[in-house]
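Since the structure comes first, as structure tokens, the remarks are kept for the end.
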Amino acid sequence: MENEYRRILVAVDGSEQSKHAFYKAVEVAKRNNAELVIVQVLDDNKGLNNITQNLKEFAYVLNIEEQKIEENLSDLSSKAKKELNHVRSIFKIGSPKKLIAAHIPEKENIDLIIVGATGKNAVELVLVGSVSSYVVTHALCDVLVVRK
């Protein structure tokens with residue numbers, strides 16, 4: 001039997017919904033003997049530069065955020081490697097919607113994207129729509145939205 005999915009991207013952001021999406025992605029990757037690519041994107045529009053007044057302070061805040069993301073990705077990768085043979089993680093800075101929906105999947109030959117129904121940012125969900133809604137609309141491959 002040929003695998004339906006060979007490369008699965010799961011988008012994480014540290015939220016409870018993304019944890020559920022991660023565990024579902026591990027299950028799906030295991031069933032398909034697929035590679036799991038864990039992606040976390042630091043949103044460059046979150047206004048980190050508005051929070052800080054000078055370059056030194058901005059660099060410090062950015063470094064802290066990057067460390068948190070690297071720790072999260074390392075922790076999730078370790079958990080996934082207990083179940084799967086092929087696991088990688090990717091950390092990017094940019095627009096989560098665009099990177100998760102198109103740029104990363106195209107570059108990595110992803111054939112399934114798994115996302116949580118909502119992420120950390122409830123305000124963004126109300127004002128401009130969630131990352132998951134954007135991904136469903138703009139993705140070039142199948143998308144699985146995981147609900148709690």
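A few points about this structure:
- The stretch 63-92 - residue that is β-branched (Val, Ile, Thr) and either touching a Leu at 6+ places or on another chain (Cβ under 7 Å) or in a helix (DSSP H, G or I) (or both) and, of those, most open to solvent (accessible area, probe 1.4 Å): Ile64
- Condition check for Leu140: in contact with a helix residue (DSSP H, G or I) (Cβ under 9 Å, 6 or more places away or on another chain), at pLDDT below 95 and not in a helix (DSSP H, G or I): yes
- Filtered residues of the stretch 33-58 (kept if over 20 Å from Glu106 (Cα atoms) and modelled with pLDDT of 90 or more): Asn33
- Selection count, the stretch 68-120, where residues are closer than 21 Å to Asp44 by Cα and among the aliphatic types (A, V, I, L, M): 10
- The criterion of being surrounded by 15 or more Cβ atoms within 10 Å (Cβ to Cβ) and in contact with a strand residue (DSSP E or B) (Cβ under 6 Å, 6 or more places away or on another chain) does not hold for Ser95.
- Top-ranked residue in the stretch 4-46 [being of a type in the set (Lys, Arg) and in a loop (DSSP other than H, G, I, E, B); ranked as nearest to Ile93 (Cα to Cα)]: Lys46
- For beta carbons closer than 6 Å, sequence separation of 6+ or different chains, a first residue in the stretch 65-92 that is over 19 Å from Ile104 (Cα atoms) and a second that is assigned to a helix (DSSP H, G or I) and aliphatic (A, V, I, L, M), the qualifying pairs are Ala80/Val26; Glu83/Val26; Leu84/Ala29.
- Which numbered condition Lys107 misses (of (1) of a type outside the set (A, V, I, L, M); (2) within 19 Å of Val135 (Cα to Cα); (3) touching a residue at least 24 places away in the same chain (Cβ under 8 Å); (4) open to solvent by 90 Å² or more (accessible area, probe 1.4 Å)): (3)
The values are calculated or read from the model by the stated rules, or taken from the named source; none is laboratory data. Everything quoted here is computed from the prediction, not taken from an experiment. A quick note on method: Cβ atoms are made from the backbone with ideal geometry, for glycine too, and the neighbour counts reach across all protein chains shown. Note: areas computed on protein heavy atoms with side chains; ligands, DNA, RNA excluded. Shrake-Rupley method; radii C 1.70, N 1.55, O 1.52, S 1.80 Å.
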